[in-house]
């Protein structure tokens, strides 16, 4: 199994299949368990503000369709990620300054 190094984990969630998902805040990513160990599934290219990046994520949740919702603190947004095809899109901004 592969090992990961976490830096200030802020949340954990189990999905319906028993896989563990970890919000790794200071590494700006979401990691998930699998049969082969842990792997990065969101924010794998480092922190930032593009639609595929996170900046200090705080928490996450699943909806009934298996989509992941991540609170992206420093980008003032909640992002929705479709785990099935690794696509993501910005869902809405929850703290707009404009």
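Bear in mind that the values in this text are calculations on the coordinates, not laboratory data. Since the model is a prediction, treat every value here as computed from it, not as a measurement. Please note: Cβ atoms are built from the backbone with ideal geometry, for glycine as well, and neighbour counts cover all protein chains shown.
Using the alpha-carbon positions of region 9-93, Rg (one decimal) and Dmax (whole number) come out as 11.6, 35 Å. Exposure proxy ranking for 50, 10, 5, 71, based on other Cβ atoms within 10 angstrom of each Cβ and starting from the fewest, stands as 5, 50, 10, 71.
With the highest mean first, a sort of the peptides 41-47, 14-20 on other beta-carbon atoms found within 10 angstrom per residue produces 41-47, 14-20. The residues 39, 73, 29, when put in order of fewest to most other Cβ atoms within 10 Å, stand as 39, 73, 29. Of the residues 22, 12, the one with the fewest other Cβ atoms within 10 Å heads the list, and the complete ranking is 12, 22.
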